[in-house]
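Asker: The structure is given below, and queries will be raised subsequently.
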Amino acid sequence: MTRFTPSRRALLAAAGGLGLSVGFIGRAAFADEAVGRRKLITIVARGGMDGLSVSPPVGDPDYAGLRGRIAIPAEAALKLDGTFALHPALAGVHALALKGQARIAPAIASPDRARSHFEAQDVLESGGAVVYGTASGFLNRALRAAGGRTIEALSVGATAPLILRGPVQTASWSPGAVGEGSPRLPGILADLYAGDPLLAPALASGLETEAMAATATVSQTGMGGGMAAPGQGGVAGFVRQGQATARTLGKTVAGFMTQPDGPQIVAISVDGWDTHANQGAAEGQLATRLLYLDALISGLNDGLGDSWEDTVVVVATEFGRTARINGTGGTDHGTGSTALLLGGALKPGGIIGDWPTLRSEALFENRDTRPTLDMRGLFKGVLADHLGIDRAALDSVVFPGSADVRAVAGVV
């Protein structure tokens, strides 16, 4: 760590009041000031976010039959085009889409096909072609490939995510200790109980309540107002508290990024997407998580102000869910999912990548959305066109051995 300017002291003072730890590396002058103003926020949705509910293909004739009672009704979905819509919980994202500032990649995946959380998260965040192929994260290696520029980066979450770990020093920020034990434990238990008709719904219900309580507790400690007392608001009150917390978190992260020497790259971890049971449709367990995500994005938008025009936000997950509903009203580990791209720096347009349809012969291994787009190609396009990372370095250093994966051009 190097010198601290007064603005950094202000950041540290604000963070200190929340029990946080924040540090930044020094910033070199940018040869291209326009590139120096650009910001990239990556939100990692851990647990396997269900792309078929995030961006339901309500115009696909096979969608409703595969999904059963967890299908998002066409009349409730927020329409994007003749085939795709957004989950009704993503009203803020939909408003951005109507302005040309949000797009979807509805059939995307990393190179991993094992459907293991740990393996898939490793491949997603490391940017490697195989599991455990590299010990550093692709965003950290992108910092090294920045052509002599020093880019500050910040990770937000209980632990620094792999995506930003590596030899380049980055900052980390955790909003206090809101829980004990391993953050992987809920996912392990969800997988263990996935086929149990009694334990799977009970665990899903308990985790949903715990997640809402945790977000409300964060809010009590200073991130977003007081927590509703037991009996004052019930589940709806907890959901509102969670949304308020998420919006405040987004604004706080934006406050870091809009400082003169604040981070240009931020990675945020959001857990709780492993919906094996009681997933719900327009309302329910998944909807609650999407309300939180929508509020987080809205907070980033509000907090960044004019800087939103120079910002790209990517929401990515390690894998999608099965196309068919399971016996406990949920979905199991799948393959292709949806990535969300947002920001004022985004070029307006339709879906990113191709849609394989949900016909039985088009499903991957007769169970999952077939991926038509490599996640590395999406990030290559963003890192090259938005942050000016050298394309040769993207093929060999940032995403090792990926020369055959074409960068998605024309997104930003």
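What follows is calculated from the coordinates using simple rules that are stated; it is not laboratory data. What you are looking at is a predicted structure, and each value in this text was computed from that prediction instead of being measured. Cβ coordinates were reconstructed from backbone atoms using ideal geometry, including for glycine residues, and neighbour counts include every protein chain displayed.
Asker: Report, as a whole number in µm² per second, the diffusion coefficient that Stokes-Einstein gives for the stretch 356-412 at 20 °C and 1.002 mPa s using the Kirkwood radius over alpha carbon pairs. Please report the intermediate quantities before stating the final value.
Answerer: On the way: Rh = 12.5 Å.
Estimated diffusion coefficient is 171 µm²/s.
Asker: Only counting other Cβ atoms within 10 Å, I'd like VAL411, VAL131 sorted with the fewest neighbours first. Don't skip to the answer; put the middle values down first.
Answerer: Working: VAL411 20, VAL131 17.
Going from sparsest to densest Cβ surroundings: VAL131, VAL411.
Asker: Give the distance, in whole Å, between the Cα centre of the stretch 343-412 and the Cα centre of the stretch 240-256.
Answerer: For the stretch 343-412 versus the stretch 240-256, the Cα centre distance is 29 Å.
Asker: With bins 10 Å wide starting at 0, give me the P(r) of the stretch 79-127 over every alpha carbon pair, in whole percents.
Answerer: Whole-percent P(r) values from 0 Å outward: 22, 34, 29, 15.
Asker: Could you give the length gained on full extension between LEU98 and ASP196, defined as 0.36 nm per residue of separation minus the Cα-Cα distance, in nm? Don't skip to the answer; put the middle values down first.
Answerer: Details: separation 98, 0.36 × 98 = 35.28 nm, distance 4.18 nm.
That works out to 31.1 nm of additional length.
Asker: Same structure, new question: Tell me, in nm to one decimal, what length is gained between ASP404 and LYS79 on full extension, where the rule is 0.36 nm per residue of separation less the Cα-Cα distance? Mind showing how you got there, number by number?
Answerer: Values: separation 325, 0.36 × 325 = 117.00 nm, distance 3.45 nm.
Working it through step by step, the gained length comes to 113.6 nm.
Asker: Follow-up question, since we're still on this one. Which lysines have a Cα lying under 26 Å from the Cα of LYS79, excluding residues fewer than 8 positions away in the same chain?
Answerer: Candidates past the 8-residue exclusion: LYS99, LYS347.
Asker: With a Förster radius of 41 Å, plug the Cβ-Cβ distance of GLU309 and ALA64 into 1/(1 + (r/R0)^6) and report the FRET value to the nearest 0.05. Write down the numbers at each step before the final one.
Answerer: Details: r = 39 Å, r/R0 = 0.94.
FRET efficiency, GLU309 to ALA64: 0.60.
Asker: Rounded to two decimals, what is Rg over Rh for the stretch 43-129 when you use alpha-carbon atoms and the Kirkwood radius? Let's see the in-between values first.
Answerer: Numbers: Rg = 14.6 Å, Rh = 14.4 Å.
My calculation of the ratio gives 1.01.
Asker: For the stretch 275-383, state the average projected area of the convex hull of the C-alpha atoms over all orientations, rounded to one decimal in nm². Spell out each step's value before the answer.
Answerer: Values: hull surface 31.6 nm².
Result: a mean projected hull area of 7.9 nm².
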